[in-house]
Amino acid sequence: MFEIGDLVKLKRKGVCLSFRDHPDKICGLVVEIERDAFYTYEGDYDDRITVKWLLLDLKEELPEFLLEKITKDT
(Lines give C-alpha, C1' and ligand atoms only; values in the text may rest on other atoms or scores of the structure.)
Protein backbone atom coordinates (compact mmCIF):
# COMPACT_ATOMS: atom_id res chain seq x y z
CA MET A 1 0.00 0.00 0.00
CA PHE A 2 1.42 3.34 -1.05
CA GLU A 3 0.80 6.81 0.35
CA ILE A 4 1.22 10.25 -1.20
CA GLY A 5 4.82 11.37 -0.77
CA ASP A 6 6.37 7.88 -0.94
CA LEU A 7 9.50 7.45 -3.03
CA VAL A 8 9.10 4.57 -5.50
CA LYS A 9 10.87 2.80 -8.33
CA LEU A 10 9.76 0.40 -11.05
CA LYS A 11 10.05 -3.28 -10.35
CA ARG A 12 12.75 -4.34 -12.78
CA LYS A 13 12.08 -8.08 -12.68
CA GLY A 14 9.11 -9.97 -14.02
CA VAL A 15 6.20 -7.58 -14.17
CA CYS A 16 7.79 -4.46 -15.63
CA LEU A 17 6.84 -4.11 -19.28
CA SER A 18 9.56 -2.97 -21.64
CA PHE A 19 7.56 0.01 -22.98
CA ARG A 20 7.37 1.48 -19.44
CA ASP A 21 11.07 0.99 -18.72
CA HIS A 22 13.43 3.95 -19.11
CA PRO A 23 17.00 4.40 -17.81
CA ASP A 24 16.07 7.69 -16.08
CA LYS A 25 13.11 6.21 -14.15
CA ILE A 26 15.29 5.69 -11.10
CA CYS A 27 13.23 7.47 -8.47
CA GLY A 28 9.67 8.73 -8.47
CA LEU A 29 7.38 10.52 -6.05
CA VAL A 30 3.79 9.39 -5.48
CA VAL A 31 1.62 12.45 -6.13
CA GLU A 32 -1.87 10.95 -6.47
CA ILE A 33 -3.64 7.69 -5.60
CA GLU A 34 -6.94 6.33 -6.85
CA ARG A 35 -7.88 3.47 -4.53
CA ASP A 36 -9.34 0.21 -5.89
CA ALA A 37 -9.14 1.28 -9.54
CA PHE A 38 -8.14 -2.07 -11.10
CA TYR A 39 -9.79 -5.46 -10.64
CA THR A 40 -7.03 -8.09 -10.69
CA TYR A 41 -6.97 -11.68 -11.91
CA GLU A 42 -6.73 -12.82 -8.28
CA GLY A 43 -10.11 -11.24 -7.52
CA ASP A 44 -8.97 -8.24 -5.48
CA TYR A 45 -8.40 -4.59 -6.28
CA ASP A 46 -5.21 -2.61 -6.97
CA ASP A 47 -4.68 1.13 -6.75
CA ARG A 48 -3.83 3.47 -9.62
CA ILE A 49 -0.73 5.42 -8.61
CA THR A 50 0.35 8.67 -10.27
CA VAL A 51 4.13 8.96 -10.08
CA LYS A 52 6.23 12.01 -10.90
CA TRP A 53 9.57 10.74 -12.19
CA LEU A 54 12.10 13.13 -10.71
CA LEU A 55 14.81 13.01 -13.38
CA LEU A 56 12.35 13.21 -16.27
CA ASP A 57 9.87 15.74 -14.82
CA LEU A 58 7.17 13.41 -16.16
CA LYS A 59 3.95 12.15 -14.55
CA GLU A 60 2.77 8.60 -15.22
CA GLU A 61 -0.21 6.58 -13.97
CA LEU A 62 0.69 3.00 -13.02
CA PRO A 63 -0.99 0.08 -11.28
CA GLU A 64 0.54 -0.49 -7.87
CA PHE A 65 1.93 -3.96 -8.70
CA LEU A 66 4.51 -2.37 -11.04
CA LEU A 67 6.04 -0.27 -8.22
CA GLU A 68 8.06 -0.81 -5.08
CA LYS A 69 8.91 1.61 -2.27
CA ILE A 70 12.41 2.95 -1.92
CA THR A 71 13.69 2.40 1.60
CA LYS A 72 17.03 2.74 3.37
CA ASP A 73 17.82 -0.85 2.36
CA THR A 74 17.28 -0.36 -1.39
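For segment 23-47, filtering for residues that are on the phi > 0 side of the Ramachandran plot and assigned to a strand (DSSP E or B) leaves 1. The numbered conditions (1) out of contact with any helix residue (DSSP H, G or I) (no Cβ under 9 Å at 6 or more places or on another chain); (2) surrounded by 14 or more Cβ atoms within 10 Å (Cβ to Cβ) are all true for residue 10 except (1).
Just for segment 41-60: of the residues that are without any contact (Cβ under 8 Å) to a residue 24 or more places away in the chain and over 16 Å from residue 9 (Cβ atoms), which one is nearest to the chain's Cα centre (by Cα)? Filtering segment 41-60 for residues that are without any contact (Cβ under 8 Å) to a residue 24 or more places away in the chain and over 16 Å from residue 9 (Cβ atoms), the one nearest to the chain's Cα centre (by Cα) comes out as 48. The criterion of being modelled with pLDDT of 85 or more, part of a loop (DSSP other than H, G, I, E, B) and polar (S, T, N, Q) does not hold for residue 50.
The values are calculated or read from the model by the stated rules, or taken from the named source; none is laboratory data. Because the structure is predicted, anything quoted here is derived from the model rather than measured. Positions of Cβ are generated from backbone atoms using ideal geometry, with glycine treated the same way; all protein chains shown enter the neighbour counts.
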